[in-house]
Amino acid sequence: PPWHAVVLPLTMTAMILTLAYNPQFALLMMLSLAMALVVVLGSSVERLVEQMGGLATSILLLRNVRTRTQLVQVATFAGLVLAGMTVATGMLTGQSWTLIATDAFRRFAWGSLAGFLLAGLLPLVERCFGIVTDISLLELADGAHPLMQELVRRAPGTSTHSTTVATLAEAAAEAIGANPLLVRVGSYFHDI
């Protein structure tokens, strides 16, 4: 207090856990972490409600993120929810409008900043956790990828075959609920 900067690392952690593991695990971990921080920092229950509103928003909106811009959009929306929750709890506790507006702006700013930082740190996060996000898969699926260009030049028939396999495999992956982007990229590179 009064900066409430704990929102920044909490939001980034929530988004990283969602990308690295799954939304259910991220929600459980963030609820535990937020409760622990409320106890350690001596905050009120209102702060827990505000934090979990923003954290849950960032976790649940982070499905199928395909661009770095979407990371920023998700964090900005989480910042808006944090600001809205701050206004709601401030009104319930009878705080002054000046204090409510200041706290809401700070929470919005910290939540939004988390998206910008994570977008820049995403390659490091992928390396540390040993994961490949959809953003990296889209970079690999680009037809301008040097290895794909080399395949087109050296073996055009194999390149056509890989594209056909990718189209079929992607439809099959969608039908069974697998990650179609991962299957498509794997099909592009399966003969290489």
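Somewhere in the range 73-81, is a residue open to solvent by 60 Å² or more (accessible area, probe 1.4 Å) and closer than 24 Å to Pro180 by Cα?
yes
For Ala88, state whether it is without any contact (Cβ under 8 Å) to a residue 12 or more places away in the chain, open to solvent by less than 60 Å² (accessible area, probe 1.4 Å) and under 15 Å from Pro9 (Cβ atoms).
no
Out of the residues in the range 114-164 that are without any contact (Cβ under 8 Å) to a residue 12 or more places away in the chain and of a type in the set (D, E, K, R), state the one that is nearest to Ile59 (Cα to Cα).
So, considering only residues that are without any contact (Cβ under 8 Å) to a residue 12 or more places away in the chain and of a type in the set (D, E, K, R), the one nearest to Ile59 (Cα to Cα) is Glu126.
Hey, Leu147 hits all of (1) over 27 Å from Gln73 (Cα atoms); (2) among the hydrophobic types (A, V, I, L, M, F, W, C); (3) surrounded by 13 or more Cβ atoms within 10 Å (Cβ to Cβ) but one; which does it fall short on?
Only one criterion in (1) over 27 Å from Gln73 (Cα atoms); (2) among the hydrophobic types (A, V, I, L, M, F, W, C); (3) surrounded by 13 or more Cβ atoms within 10 Å (Cβ to Cβ) is unmet by Leu147, namely (3).
Consider only pairs whose beta carbons are under 9 Å apart and that are at least six residues apart or on different chains; among these, list those whose first residue lies in the range 24-49 and is under 16 Å from Pro9 (Cα atoms) and whose second residue is open to solvent by 80 Å² or more (accessible area, probe 1.4 Å).
Final answer for the pair search is Leu27/Leu60; Met29/Tyr21; Val38/Val45; Leu41/Pro1; Arg47/Leu41; Leu48/Met35.
Of all residues in the range 37-66, which are open to solvent by 40 Å² or more (accessible area, probe 1.4 Å), under 10 Å from the mean Cα position of the chain (by Cα) and polar (S, T, N, Q)?
The answer is Asn64, and nothing else.
Checking Phe105 against (1) open to solvent by 80 Å² or more (accessible area, probe 1.4 Å); (2) farther than 26 Å from Met52 by Cβ, only one condition comes out false. Which one?
For Phe105, the exception is condition (2).
Name the single residue that is most open to solvent (accessible area, probe 1.4 Å) among those in the range 167-191 being hydrophobic (A, V, I, L, M, F, W, C) and either farther than 19 Å from Leu138 by Cβ or in contact with a Gly (Cβ under 8 Å, 6 or more places away or on another chain) (or both).
Result: Ile176.
When you go through Asp134, Asp142 one by one, which is the residue that is under 30 Å from Phe189 (Cβ atoms), of a type outside the set (A, V, I, L, M, F, W, C), open to solvent by less than 30 Å² (accessible area, probe 1.4 Å) and out of contact with any His (no Cβ under 9 Å at 6 or more places or on another chain)?
Asp134
The values are calculated or read from the model by the stated rules, or taken from the named source; none is laboratory data. As the structure is a prediction and not an experimental result, all values here were calculated from the model. When we count neighbours, we look across all protein chains shown, and the Cβ atoms used for this are built from the backbone with ideal geometry, even at glycine. Ligands, DNA and RNA are stripped out before the accessible areas are found, and what is left, the full protein with its side chains, is counted by its heavy atoms. Shrake-Rupley method; radii C 1.70, N 1.55, O 1.52, S 1.80 Å.
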